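Some notes on the structure that comes next.
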Amino acid sequence: MTYRGRHRRRRRGRAVRAFLSGTALALTAAATMISASQATVTDDGPGGLKPLTAVAETGKLRLTENLVPQASLDRLAAGMGRPVGVGAVLEDSDRILRDAIDCSPAERGALPVSPVATRAYCWNTDDTAGWQPGAVTTSGDADDDGAWGANRVILSGWSRSGGAVADRGLARVGFLNAGDLNHLSYTWALLAVPEADGRDYRGLVSHVSGMVWYQDKLLVTADDGGRTALYVYDMNRVQRASVVSDAVGRVPGGWSAHGYRFVLPAIGSYELSGGSDAPHPATVSLDRSTVPDTLVAGQWTLDDGDRGAHLWRYPFSTAPGHSGLLATSPTGRVAASEAYETKLTGVRGVLSYGAHWYVTRAAGPRDDGDDGHGTLWRQTADRTPDATYGESGDKADAKADRARAAVCGSAEKHSCWSPQTESLSYWQETGDVWTQSGRVLFALPLASIDRSTGPSTEQPGR
């Protein structure tokens, strides 16, 4: 029976991949027709990334580390019971994502035209209605062998956008068992913040637009007011809720997590050290091509604005007892190790690997000639303040080489990407980039992104 079940899943997996290929051909054909009727592409790209070296610029990016006292964490664990690990959460995964072949045409419209998704799934409508999707990270971020213990895992962040006013903004994470990519099962855990010295907790109220699981820590972007930029969670400190109710925190008879079986209380946070104009890290990802590994951060900008965005990185700590946390000075400050400015507007997801930075832009308004798809750019840094030259010796060639967009259709249309991808996660062990848009979770090889964005004279490594 087990063998036959696996055989059926393999056949279905092949059918889904064939279906995705057919969908991509149909989308490409549509893009070709749109390209012929809409002159939406210009040769004037954003150029390369401008390095930021002035202290006035880099100083704004500093963070301050604030860890919850150990006594508070121990008090919370004593009240709730012994924490559990990721494996225990996956054992309770009782929901199944739909394969692409079972997604609706509207849901499949969130897939990119080019490059083509090689895996795609849709979340169930009954438990995502009233929730806004956000960031994705995986056990490929957590460990370079792609697994967390015996498990391969995908984490998906969501925030409450509907329902009762008191629930608006609550954040949760979907734990997906990715051991069999033809059968993704999942369950939910609420993100929380300890209060009253560990005697209670409140729900994190934030859109989860960025999230990175590194070693045993989960770093989550925060927009819940104040100066907090990132919250930190310990993946070995997942707590079980003992009461099933809509309440959050300590309740008569035990602990509640908005109806979920698990809750993750934060063990710390990183606050902005700069002034009120300090760029806020709205999207984050992991870069394993640097030494040490780094947390890549990007600033969101308005879709129709004229202001570019800051892109920067923080090194992870290599100090004993500081696993999964950012590298700090003796005073607890975290400095950016590299910072740039891009001329792209409407920035959403950001990924860096080797010499390349991959930046996604949200879809523009349809009344401006957009067909509902976003754009994906690959950028590299300018080597000097002066323009450098491409292989032909022309400045324009150099500018084009430092910024190339994925194209589709005969007129090389740039609106080829998914409409709204807020984060990108590179699973280095498999070579795949994971992201989500709307109710669609999908993956595609990083190599296909490079092919779609054209040749580059930059070397892939640093």
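Observations
- Per-residue SASA entry for Val55, accessible area with 1.4 Å probe, Å² rounded to 10: 110
- Accessible carbon and sulfur surface of region 112-164 relative to its total accessible area, %, 1.4 Å: 46
- Cα gyration tensor shape for region 278-335, rounded if a/c is under 1.5, else prolate or oblate: prolate
- Sorted peptide list for 182-192, 142-152, criterion being average Cβ within 10 angstrom, highest first: 182-192, 142-152
- Other residues within the sphere of radius under 11 Å centred on the Cβ of Asn151, judged by their own Cβ, net out at -1 (K and R +1, D and E -1).
- Summed side-chain charge close to Ala135 - residues other than Ala135 whose Cβ falls under 13 Å, Lys, Arg +1, Asp, Glu -1: -1
- Here the label points at Ala319 and Asp277, each 7 Å from Cα along the C-beta direction, are separated by 3.2 nm in the simple model.
- Largest-first ordering by accessible area, 1.4 Å probe, given options Glu57, Glu429: Glu429, Glu57
The values are calculated or read from the model by the stated rules, or taken from the named source; none is laboratory data. None of the values given here were measured: they were computed from a predicted structure. Every residue, glycine among them, receives a Cβ derived from its backbone with ideal geometry; neighbour counts consider all protein chains shown. The accessibility values were calculated without ligands, DNA or RNA, using every heavy atom of the protein model including side chains. Shrake-Rupley method; radii C 1.70, N 1.55, O 1.52, S 1.80 Å.
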